[in-house]
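Take a look at the structure below.
The values are calculated or read from the model by the stated rules, or taken from the named source; none is laboratory data. All values derive from a computational prediction rather than experimental measurement. Backbone-built Cβ (ideal geometry, glycine too); neighbour counts: all protein chains shown.
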Amino acid sequence: MKVIYIVLLFFFISCKENKPTETDKTTYYTTEAIKEKNEKEYQVKLKEFDDKDSGSTEPVLIPYIYDDQYYSNHNFIIDSLNHIYYFYQSRAYMPVYCGTGLDQGPYPAPFINLYPKDIIDIPVDDFETFFKSKVMDSLKPEERMYIYIGSQKDSFQSAEVNQIFKKLEGDEKNRRIICRRTTEEENIVLQYKKSGKPYNPDTIKWNPDLTDVPK
């Protein structure tokens, strides 16, 4: 009989491969990219397991954090050119932890009524000052905070994100970073911000599988 081991763990997946510095070339990955990579590796190992004799042990899938919340108070966007933007969301969503995540989601992102004026284009040479005034100075001691970084690419490098990790270093218990793919709403609103065209969310044909627009 084949033996199956199931691991049920709840843990936080960081989006970085190694400890970054301000000037290094750390590569960051979205949680979706990490999940897809783990699933592909698992399927290969599972096939090898199925091909073996009955006494073999089924491989264990790395547990996965599936977050169906998408936003927090402090949100950053990394576009396809690695430029960074920021917007504040008044409602703070807390992450949802699960086991393997194979049968979970993706769930549509909540519609947050984001407008181009809400998205701040952060000057590269002013990021440290901006992050301190908008984020760090707004926090109370030991206040719990999640920073969400939406990326238009599955992996990216960013000196600004390096700075975020550096600022939060040593307080991972209360301050955490989640990298994910940009939502449909972020992508559309950012496109309108860049083009300068008038934006009206009521004229957008939202994909119900990607964006949960209230009826």
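Of note:
- All positions within segment 12-31 that are over 21 Å from MET145 (Cα atoms) and at pLDDT 70 or above: LYS25, THR26, THR27
- Single residue of segment 129-143 satisfying the filter (loosely packed, with under 14 Cβ neighbours inside 10 Å and among the charged types (D, E, K, R)) that is modelled with the highest pLDDT: LYS132
- Residue that is modelled with the highest pLDDT [pool: residues in segment 62-103 that are among the β-branched types (Val, Ile, Thr) and closer than 22 Å to ASP212 by Cβ]: ILE77
- Note on segment 177-215: among residues that are at pLDDT 95 or above and of a type in the set (A, V, I, L, M), the one that is nearest to PHE156 (Cα to Cα) is LEU190.
- Within segment 189-205, considering residues that are under 21 Å from the mean Cα position of the chain (by Cα) and touching a residue at least 40 places away in the same chain (Cβ under 8 Å), the one surrounded by the fewest Cβ atoms within 10 Å (Cβ to Cβ): LEU190
- Helices (runs of 4 or more DSSP H) (entirely within segment 107-215) containing at least 2 residues that are of a type in the set (Val, Ile, Thr) and within 28 Å of ALA33 (Cα to Cα): 159-168, 184-195
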